[in-house]
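One structure is given here, and the rest of the page talks about it.
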Amino acid sequence: MVGPLLKGLKITFSHLFKPAFTVKYPYEKIEVAPRWRGKHVLRVDEEGREKCCYCGLCEAVCPANAIRIYGEEAPLEKSDVGKIAVIYEIDYRRCIFCGYCEEACPRGAIELTTFYELAEPEREKLLQTKETLLEKR
Amino acid sequence: MSTVKVTIDGITVEVSPDATILQAAAKAGVDIPYFCYHPFLKPAGLCRMCLVEVEGMPKLAPACVTQVRDGMVVKTNTERVKKAREGIIEFQLLHHPLDCPICDQAGECYLQDITFRYGKATSRFADEKELYPTKFYGPLIVHEQSRCILCKRCVRFSTEVAGGTEWNVYWRAAHSIIGAYDTDTVANYFTANLVEICPVGAITSRLYRYKTRIWKLDFTRSVCDHCEIGCSLDLGVRENQLFKIKHNIMDPTPWLCDKGYYAFDYVNHAERILFPLKRNEKKMVSVSSEDVSDQIAKALEGYKEGEVALIVSPHIVLEDAAAVKSFADALKAKVDYRVYGEDYLPLKTGVSDISDVEGSKNILILCGDVAVSHPVLALSVLKAKFSGANVAVISANDTYLGERSNVFALVPASKEEAIAKDLLEGRLNDALKQALSESELETLRSMLQSEDLMVILGVRASSALRSLAYKISSDKGWKLLALDRGSNPKGLFAMGLYSDGVGGILKGVVDGKVKALLVFGVDLFETYPDAALVKEALSSVEFLVVGDLFFHETAAYADYFLPLVSFAEDSGTVVNLFWSKRRRRRAMEPKGESTSLRKWLASIADRLGVNVTTEVEGLDLSSVEVKLTEGKVEQVDGKFVAVVEPPFYRSAKYAGWCSNFSEASAEPKVVLSIEDAKALGVKEGDKVVVENSRGRFEFRVKLREGQPASSVVLDCGYDRFPVNLLLTGSWKVAVDLKKA
């Protein structure tokens, strides 16, 4: 009866002297792989112009239907091709982080970053708009 | 008729001997790719995409222009054809910018689809692509020469169908440019078709430019709301917003006009009123749907028989009309739809299809600008003309069809009706003789002798002229087509929604006989040709309910405002020009608390304890009887006599709320004869004052050759420019002109 109990305690106590598996989140953060698929970012080019020209491919390929875009004519200071997305929304209530949007994008405008802290106290805040997605320079 | 047998890829089909290989292949179910071929344009053989192998022919043959012959064996799936197709696509893509991500055509682009299906993934072209700047032709179309593959579909449409020359190919060979030379605007009423038939994204709509992608739209087939021809339209909706209109079916013709294609954005307009309003002192405050019905019903209960009247727009559907009729009958109220001050009722004539117009040998058009009021009908008249018919246009204001017809006389506005009356009776009026050359008069005489004559009476023709034309045409065996304003006037007439005219109702209000007025779907200040009477009536009426999409000038007098739905948000039946029923489908959900007229009436009637019906199945159009109305042939005298008409780009329903569409005619103009301009000392582009005892307006001068002296044309339909103030119940009026 006592044998198995001691065996278990031995494992428990041996772990006291080994390095910990867990990290003290949020004071410490885990390293993620460089190809980790976290929060999206809408890239801008060297001159600060938006890369996205609303071709609609990310919206079309999205299996979870999480992306919603509307386009608009734009001056050349805002876009090198004269077309930008006026509304760009990603709904993180739906997103499954498959990364198809990044793969479909012909201009490298949308990328998935390694940022993974997406939890929000309210569900509505999971709807990210262009304001929060656009890369800041 | 004899047929020939053709074998295409092993499938043998029988076709008529004048068919082409492409048509035979369509019958056999074999797919041959093409760019320049269009089923309703003459074949051109330009793009070489449809090359096929024909047994016995040494070279590959273009399927769209090669006629079939008996026993012909065609192969479309050989190595040679495959190689040729790949080569052609490589050529087409040499200078194509491949900017599909920003192109609005992506998703419905022939070049995209055909490249994907038949092309190679790579190109051997290593040099720099030739690029051209984007050109905006007016507020409606955008032209990107870089994307053009020079199929000339648009040019062929403009010359073969619309009968114009300004849209054409300039420069030569590889440097060819499509477009209009030396102008920045193309406003020929049919630019919509250029956008529709362009197989690539070279010509796109400016209204839809970059807004959304075609695969995000859900299309619902409905019927156009702008005139009584009722073309089939596909309404493209995304998230309850109407974004695009397409015309994918030959119904009634393969073509569409600019009104149907561009004048739809009022549906999404931010100024639309989406909640019921009620008057509180000088302000309008919002009120719930239940309360508004309660309060209107309560107010209406206080009125006796004959003290209530209804005015409805000629655009409402039959279901609404049935509800209005039963509501009016229950209240013993007068009702009328003739908001343009017409004294005539629709005439049921023998013309039962648009192909009757296309097949006519002689067409006489009187008193009206058909290309403005019924644009697609004008294309059918032109089709008849191009197949050899004589077309005569005798009118005070018609330039589109007039310029393209055999006989064209611009007649003085004051004598327009008298000349038309004489002409129908077989006499040529002196004023007409002055305006026409000897050969034209000869043609006109021979037309009047002919039995195969179609008379088209425009919207300006008075009741007297209509009655006369009806009698004479039934005596002589002519065909008659009498045009009305609105998109469903024939249906409303069949429903019996008429009494003694809108003028009669308004006069009744002024006299105090009518105390409560319900106006639905119309701004009387814009439509009724006597703004002073409208103002007097609306300010003296005790109780006014207005229902519409927008808070316009009529609504400003209202005690209650009911938000109605647009044609895209409602289903229903309309009766077209040829007296057949057409079905409109709902493409989107009603916005806000707006709802259809029949539902508002039902909820008010419910509280009044009466029943309204929306039953229209029982309406038998074949038993509609012709009601000839009495009236005098109109005669207006004065130093200058003006015809007041909206220009094309202001003539659509709710044109003031269609931003791009109405921009195409930005400023109200007065059309003057050259003699009058000299006498007044004004040039083209100057300003003149047009006035009479009722009002005074400034217009910009436009000179027109052939315009008779002392006859002018005034534009109406502009915001905050109520030209109707000058009028006294008719669209023709005596005015005085001065240099500004």
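Among residues belonging to segment B:1-56 that are among the hydroxyl-bearing types (S, T, Y) and assigned to a strand (DSSP E or B), point out the one that is most open to solvent (accessible area, probe 1.4 Å). Full working, then the answer.
Start the filter on segment B:1-56 by keeping residues that are among the hydroxyl-bearing types (S, T, Y), which leaves B:2-3, B:7, B:12, B:16, B:20, B:34, B:37.
After this cut, where a residue has to be assigned to a strand (DSSP E or B) as well, the list is B:7, B:12, B:20.
Working: B:T7: 36, B:T12: 82, B:T20: 18 Å².
Within segment B:1-56, the match that is most open to solvent (accessible area, probe 1.4 Å) is B:T12.
Residues that are part of a loop (DSSP other than H, G, I, E, B), touching a residue at least 60 places away in the same chain (Cβ under 8 Å) and closer than 27 Å to B:R209 by Cβ do not occur anywhere in segment A:112-132.
Out of curiosity, is B:E634 open to solvent by 30 Å² or more (accessible area, probe 1.4 Å) and either within 29 Å of the chain's Cα centre (by Cα) or among the charged types (D, E, K, R) (or both)? Spell out the reasoning first.
Numbers: open to solvent by 30 Å² or more (accessible area, probe 1.4 Å): yes; either within 29 Å of the chain's Cα centre (by Cα) or among the charged types (D, E, K, R) (or both): yes.
Taking the combined requirement at face value, the residue satisfies it.
Within segment B:141-196, the residues that satisfy the criterion of being touching a strand residue (DSSP E or B) at 6+ places or on another chain (Cβ under 7 Å), of a type in the set (V, I, T) and either more than 24 Å from B:L233 (Cα to Cα) or outside any strand (DSSP E or B) (or both) are B:V155, B:V169, B:I177, B:I178, B:T185, B:V186, B:T191, B:V195.
Count of segment A:61-85 residues, restricted to those that are within 9 Å of chain B (Cβ to nearest Cβ) and open to solvent by 60 Å² or more (accessible area, probe 1.4 Å), is 3.
Checking each residue in segment B:104-121 for being more than 14 Å from chain A (Cβ to nearest Cβ), open to solvent by less than 50 Å² (accessible area, probe 1.4 Å) and in a loop (DSSP other than H, G, I, E, B) picks out only B:G119.
Looking only at helices (runs of 4 or more DSSP H) that lie completely in segment B:332-386, which have at least 1 residues being farther than 22 Å from B:T191 by Cα? Let's see the steps before the verdict.
Values: elements: B:354-358, B:370-373, B:375-386.
Fully inside segment B:332-386 and qualifying: B:354-358.
Answer yes or no: is there a residue in segment B:652-667 that is within 26 Å of B:H226 (Cβ to Cβ), of a type outside the set (D, E), in a strand (DSSP E or B) and in contact (Cβ under 8 Å) with a residue 60 or more places away in the chain. No, segment B:652-667 contains no residue that is within 26 Å of B:H226 (Cβ to Cβ), of a type outside the set (D, E), in a strand (DSSP E or B) and in contact (Cβ under 8 Å) with a residue 60 or more places away in the chain. Within segment B:374-389, being of a type in the set (S, T, N, Q) and either under 14 Å from B:M454 (Cα atoms) or crowded, with 24+ Cβ neighbours inside 10 Å (or both) holds for one residue alone: B:S380. For segment B:164-184, taking the residues that are closer than 22 Å to B:P254 by Cα and at pLDDT below 90, the one that is most open to solvent (accessible area, probe 1.4 Å) is identified as B:T165. Is there any pair linking a residue in segment B:210-222 that is more than 14 Å from chain A (Cβ to nearest Cβ) and on the phi < 0 side of the Ramachandran plot to one that is open to solvent by 80 Å² or more (accessible area, probe 1.4 Å) and assigned to a loop (DSSP other than H, G, I, E, B), with Cβ under 7 Å and at least six apart or on different chains, and which? Final answer for the pair search is B:T220/B:R585; B:R221/B:R585; B:S222/B:R585.
Please pick out the residue among B:A322, B:A371, B:A328, B:A333 that is more than 27 Å from B:L628 (Cβ to Cβ), buried (at least 20 other Cβ atoms within 10 Å of the Cβ) and among the small types (G, A, S). Quick ask: steps written out before the conclusion?
On the way: B:A322 fails: more than 27 Å from B:L628 (Cβ to Cβ); B:A328 fails: more than 27 Å from B:L628 (Cβ to Cβ); B:A333 fails: more than 27 Å from B:L628 (Cβ to Cβ).
Exactly one of B:A322, B:A371, B:A328, B:A333 is more than 27 Å from B:L628 (Cβ to Cβ), buried (at least 20 other Cβ atoms within 10 Å of the Cβ) and among the small types (G, A, S), namely B:A371.
Scanning segment B:487-498 for any residue that is buried (at least 22 other Cβ atoms within 10 Å of the Cβ) and more than 25 Å from B:D353 (Cβ to Cβ) turns up at least one such residue. How many residues, within segment B:539-595, are touching a His at 6+ places or on another chain (Cβ under 9 Å) and under 24 Å from B:G512 (Cβ atoms)? The qualifying residues number 1.
Just one of the listed residues (B:R124, B:R85) is crowded, with 17+ Cβ neighbours inside 10 Å, without any contact (Cβ under 8 Å) to a residue 60 or more places away in the chain, more than 26 Å from B:S2 (Cα to Cα) and charged (D, E, K, R), and it is B:R85.
Tell me the residue from A:T132, A:T113 that is open to solvent by 60 Å² or more (accessible area, probe 1.4 Å) and out of contact with any Cys (no Cβ under 9 Å at 6 or more places or on another chain), please.
Working: A:T113 fails: open to solvent by 60 Å² or more (accessible area, probe 1.4 Å).
Just one listed residue meets the conditions, A:T132.
Residues that are of a type in the set (A, V, I, L, M) and either in contact with a strand residue (DSSP E or B) (Cβ under 9 Å, 6 or more places away or on another chain) or surrounded by fewer than 23 Cβ atoms within 10 Å (Cβ to Cβ) (or both) number at least 2 in the following strands (runs of 3 or more DSSP E) confined to segment B:221-284: B:232-238, B:241-246.
Out of all the residues in segment A:88-95, is one or more facing chain B (nearest Cβ under 9 Å), within 24 Å of the chain's Cα centre (by Cα) and open to solvent by less than 20 Å² (accessible area, probe 1.4 Å)? No, every residue in segment A:88-95 fails to be facing chain B (nearest Cβ under 9 Å), within 24 Å of the chain's Cα centre (by Cα) and open to solvent by less than 20 Å² (accessible area, probe 1.4 Å). Residue check: is B:P101 surrounded by 18 or more Cβ atoms within 10 Å (Cβ to Cβ), within 14 Å of chain A (Cβ to nearest Cβ) and in contact (Cβ under 8 Å) with a residue 60 or more places away in the chain? No: the conditions fail for B:P101. For segment A:30-49, the criterion of a residue being surrounded by 15 or more Cβ atoms within 10 Å (Cβ to Cβ), within 14 Å of another protein chain (Cβ to nearest Cβ) and either assigned to a loop (DSSP other than H, G, I, E, B) or in contact (Cβ under 8 Å) with a residue 12 or more places away in the chain (or both) is satisfied by at least one position. Can you name every residue in segment B:466-520 that is of a type in the set (S, T, Y), under 25 Å from B:R598 (Cα atoms) and out of contact with any Phe, Trp or Tyr (no Cβ under 9 Å at 6 or more places or on another chain)? Within segment B:466-520, just B:S499 meets the criteria.
Listed here are the residues, each with its yes/no results for (1) farther than 23 Å from B:K298 by Cβ; (2) modelled with pLDDT under 95; (3) in a helix (DSSP H, G or I).
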residue: B:K513; (1), (2), (3): no, yes, no
residue: B:V519; (1), (2), (3): no, no, no
residue: B:E526; (1), (2), (3): yes, yes, yes
residue: B:P529; (1), (2), (3): yes, yes, no
residue: B:A532; (1), (2), (3): yes, yes, yes
residue: B:V546; (1), (2), (3): no, no, no
residue: B:E553; (1), (2), (3): yes, yes, no
residue: B:F561; (1), (2), (3): no, no, no
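One residue stands out in segment B:555-571 among those that are more than 21 Å from B:S603 (Cβ to Cβ) and either among the aliphatic types (A, V, I, L, M) or in contact with a Phe, Trp or Tyr (Cβ under 6 Å, 6 or more places away or on another chain) (or both): the one that is most open to solvent (accessible area, probe 1.4 Å), namely B:A556. In the set (1) within 22 Å of A:Y54 (Cβ to Cβ); (2) at pLDDT below 90, the condition left unmet by B:T122 is number (1).
The values are calculated or read from the model by the stated rules, or taken from the named source; none is laboratory data. What you see is a predicted model; the values in this text were computed from it and never measured. Neighbour counts are summed over all protein chains in view; Cβ atoms, including those assigned to glycine, are modelled from backbone coordinates with ideal geometry. Note: accessible area is taken over every heavy atom of the protein model, side chains too, but ligands, DNA and RNA are not part of it. Shrake-Rupley method; radii C 1.70, N 1.55, O 1.52, S 1.80 Å.
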